[in-house]
1. When Cα extents along the principal axes in Å is calculated directly from the model, which label among [x] 38, 26, 20; [y] 49, 40, 25; [z] 38, 27, 23 fits?
2. Rounded to the nearest 0.05, what FRET efficiency is calculated for residue 89 and residue 14 with R0 set to 22 Å and r the Cβ-Cβ distance?
3. Taking H placed 1.01 Å from N in the peptide plane, check which residues at least 5 places from residue 81 or on another chain put their amide H under 5 Å from its amide H.
4. At a threshold of 8 angstrom on Cα-Cα distance, excluding pairs fewer than six apart, so keeping six or more, what relative contact order does the chain reach in percent?
5. Treating only the Cβ of Lys, Arg, Asp and Glu as charged (+1, +1, -1, -1), what charge dipole size does the chain show about its Cα centre? Round to the nearest 20 debye.
6. When the Karplus curve 6.51 cos²θ - 1.76 cosθ + 1.60 is applied with θ = phi - 60°, which whole-Hz ³J(HN,Hα) does each residue of the range 33-40 get, with x for Gly and Pro?
7. Under 5 Å between amide H atoms, partner at least 5 residues away or on a different chain: which partners does residue 73 have, H built in plane at 1.01 Å?
8. Restricting to DSSP H runs of at least four residues, report the calculated mean residue ellipticity at 222 nm for the chain, -39500 (n - 2.57) per run over all residues, nearest 500 deg cm²/dmol.
Amino acid sequence: MKAFRLDELEAERAANDGAYLQFLRERNMSVGLYALNAGQADPQAPHSQDEVYLVMSGRASITVGMETTQVARGSVVYVPAGVAHKFHHITEDLRVMVVFSPPES
């Protein structure tokens with residue numbers, strides 16, 4: 001079993017001065033923690049993997065392809081491989097769990 005604590009993952013991500021911390025990588029998936037602060041721009045480009053976002057905290061909008069929705073704690077968003085997507089209008093610091101399948105390259 002592999003078990004993780006969100007507060008420890010957030011501390012590790014912050015200590016490494018990065019917006020993204022991959023903390024699990026297996027044959028068919030990878031999982032990471034993504035952080036964007038209020039007002040920050042999301043620099044993402046489309047990925048070659050399917051992904052699922054689970055918002056752990058914060059508030060923002062996300063646009064996936066041509067669709068936009070508001071997200072907050074507990075929101076889950078699926079993004080198909082190759083589709084443009086960005087978080088924007090981040091009004092509260094955003095912390096998002098990201099699952100990639102297959103694993104992020």
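Bear in mind that the values in this text are calculations on the coordinates, not laboratory data. All values derive from a computational prediction rather than experimental measurement. When we count neighbours, we look across all protein chains shown, and the Cβ atoms used for this are built from the backbone with ideal geometry, even at glycine.
1. [z]
2. Details: r = 23 Å, r/R0 = 1.05.
The value I calculate is 0.40.
3. 50, 51
4. About 34 percent, as a whole number.
5. Details: 9 positive and 13 negative charges, 31 e Å.
That gives a dipole near 140 debye.
6. Once θ is set to phi - 60°, the couplings for the range 33-40 become 10, 10, 10, 9, 8, 3, x, 6 Hz.
7. 58
8. Details: 1 runs with 10 residues, N = 105.
So the calculated ellipticity at 222 nm is -3000 deg cm²/dmol.
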